[in-house]
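Worksheet: the structure to be examined is printed underneath.
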Amino acid sequence: MRLSVGVCEDDPAVRKVLRAALARDGHDVVVAHTGGEAIRILGPGTRLDVIVVDIGLPDADGRDVCQALKAAGQGAPVLFLTALGATHERLAGFGAGGDDYVAKPFEIKELLARITVLGRRGRQLTNRDETSGLVLDPAGHGLRGKDRAVLLSPTEFRMLAAIAACPGEVVRRRSVIAAAWPDGAIVSDNTVDALMRRVRAKMTEAGATAIIETVRGVGYRLIAHDDVHAP
């Protein structure tokens, strides 16, 4: 099965090995060196079956890159590469929307097999037409709406990105917390609520064309302004 694979890896040696191995298996490869470049060339305008992202990028956390790509509408499954193999690191990758996880150093044959499985699974899914309408910058932790760009804290960015990656769908509160605090911190409800208020205020400041709706007792949902029902 011929796949289109996006690779975001800053290490030249690893990048060279991945590109050569994927090409040798008959796959098409699109390569980005940094998180910012990944947003530009691996976004929804590029048809990809699988994306491989190194978590330790020079300009951004690969998990933030994954969330930003998904928020923009890129639906390809994501496989994370990392030198960190602790359980909480793996869970944080899944919390950020990753579909698989391989620790460095890795066996190239195993990695290729995992990419093939993800590619097959991704092609079975229906492409999502709806996107959040938000432009997220994982390197600068920024949000750009129709009016202006605003800065978010890393935690605010991850909260918003986790919700924006699934527009129109309810994202459970615990999933938002897992994405926002990837190191597994224990946070109070008051802290989560206060940060969500700040995220909403910054969305308004940026002129976002969507809002975050609270689904009581469950989580949050990103909806367009036009979908808000009057009381």
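The table below lists the values:
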item	result
Condition broken by T191, with the remaining ones in (1) under 22 Å from the mean Cα position of the chain (by Cα); (2) over 17 Å from A71 (Cα atoms); (3) surrounded by 12 or more Cβ atoms within 10 Å (Cβ to Cβ) satisfied	(1)
Scan of the range 13-29 for residues that are over 12 Å from R2 (Cβ atoms) and either loosely packed, with under 15 Cβ neighbours inside 10 Å or not aliphatic (A, V, I, L, M) (or both), ordered by number	A13, R15, K16, R19, A20, R24
Residue selected from the range 85-115 under the condition assigned to a loop (DSSP other than H, G, I, E, B) and at pLDDT 65 or above, by the criterion surrounded by the most Cβ atoms within 10 Å (Cβ to Cβ)	A96
Which numbered condition N127 misses (of (1) modelled with pLDDT under 90; (2) surrounded by fewer than 19 Cβ atoms within 10 Å (Cβ to Cβ); (3) touching a strand residue (DSSP E or B) at 6+ places or on another chain (Cβ under 8 Å); (4) not aliphatic (A, V, I, L, M))	(3)
Every pair of residues 6+ apart whose Cβ atoms lie under 7 Å, when the first sits in the range 98-120 and is without any contact (Cβ under 8 Å) to a residue 24 or more places away in the chain while the second is of a type in the set (K, R)	D100/R114; Y101/R90; V102/R114
Conditions (1) surrounded by 22 or more Cβ atoms within 10 Å (Cβ to Cβ); (2) small (G, A, S); (3) within 14 Å of L222 (Cβ to Cβ); number of the one not met by A180	(3)
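The values are calculated or read from the model by the stated rules, or taken from the named source; none is laboratory data. From a predicted model like this one, the values you see are computed outputs, not experimental measurements. We place every Cβ from the backbone using ideal geometry, glycine too, and count neighbours over all the protein chains shown.
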